[in-house]
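Derivation of every value follows stated rules applied to the coordinates shown; laboratory data play no part. Here the structure is a predicted model, which means the values were calculated and not measured. Methodologically, a virtual Cβ is constructed for each residue, glycine included, from the backbone with ideal geometry; neighbour enumeration extends over all protein chains shown.
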Ligand code: SF4
Ligand code: SF4
């Protein structure tokens, strides 16, 4: 099995370990450590909902205990916890079979489920979902029709107040929600979501559609599609956006819940800060080319061949918060900018209308990245695109005339 290479685990660890919040101090983490230990020991006394062992599973896929601990170490760093938490993260993974999960699909393409389940070679992250007590997932469960309905009702009744409700897909609200119904009763997606979220411990919206409406909500939004947080109130809602949501972030949220019994720290868009506190532009491997004014000017030019910055081809990395530049996709193999395609801001609200086109934003102005990765969406604020100390557009234009490198007739030369 192609397990995350040592190099990748090291890279994740190095890039994330710098993010432990040192302002919180030793005492904070010592207290958290003790509380977490007590919580795990309580959880261990509860009966497992599923007779399955994470170590058996990962070993059957060729991952040894040492590799598993490396994964735990990288995941600890991803969760912005100090290394002392690594054994607790490993233990929390073993206790995942105590957590009941109900997963529903609404107006969606099942891309998030696919991202999780269809990896060419399973990672520890994807294997961990085998350990969770997945009580209902209509795409992968054997039951269908009335049997599936009954299974869902049983799970809701049995795990009232305790289950995590994962929601994939947006919710159509136009025409009284009639654009999407489920089951023989004709319950609308909206009614379905409201009923199931009422008894959930927390609701986790995965993917661009469930979080902010995604492509179904793009103009003119004929179905009146909205995200979970627009409808579910009075209940913890966690958004894990992107198209698709990264399996590592889904696992991270569940692990955090097991470790602390609480939802992770969220930004103003209800996204976990451990995953969406990163601005793509600050962690991009092409960033040195942006700073040097070296841009791809058209597909296939010398800049493209030399992996220069994609800003002029419409990359929205400077406006987008996500850790895909660090943890990447497809078992950590690569990510969109790595393969030469600009970011289209899929983890941001209204991305399809606001960001998904191949030209720079005409009015894009952005603060100089003085804070590096420490800048979060909250710090930049929702006025990100107008608050400015250095205009990114100005930078891009100026670079072409002030002695930076430019590309002429396929040849690179200094002006
Ligand atoms: S504009 Fe895009 S390609 Fe260029 S450095 Fe920023 S994120 Fe990377
Ligand atoms: S690079 Fe941008 S569009 Fe691509 S997955 Fe990351 S956030 Fe989404």
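Derived value for region 160-210: Kirkwood hydrodynamic radius 11.5 Å. Basis is the mean of 1/r over every pair of different alpha-carbon atoms. Please identify which residues in region 132-147 have an amide N closer than 20 Å to a label point set 7 Å out from the Cα of residue 235, following the Cα→Cβ vector. Within reach of a label on residue 235, which here means backbone N under 20 Å from a point 7 Å along Cα→Cβ, region 132-147 contributes 133-139. The distance linking region 152-206 with region 230-302 is 25 Å (Cα centroid to Cα centroid, whole angstrom).
Can you give the translational diffusion coefficient of region 213-366 in µm²/s, computed by Stokes-Einstein from the Kirkwood radius over Cα pairs at 25 °C and 0.890 mPa s? So the translational diffusion coefficient is about 147 µm²/s. Normalised by 2.2 N^0.38 Å, where N is the number of residues, the C-alpha radius of gyration of region 6-276 stands at 1.01.
How high is the relative contact order of region 270-339, in percent, counting Cα pairs under 8 Å that sit 6 or more residues apart?
Details: 81 pairs, mean separation 26.6, N = 70.
Computed value for region 270-339: 38 percent relative contact order.
Here region 210-254 yields Rg over Rh of 1.03, to two decimals, using C-alpha coordinates and the Kirkwood radius. Based on a Kirkwood Rh over C-alpha pairs, give the Stokes-Einstein translational diffusion coefficient of region 161-256 at 20 °C and viscosity 1.002 mPa s in µm²/s. Translational D for this selection: 159 µm²/s. With the simple model of a label 7 Å out from the Cα in the direction of the Cβ, residue 298 to residue 268 spans 4.1 nm.
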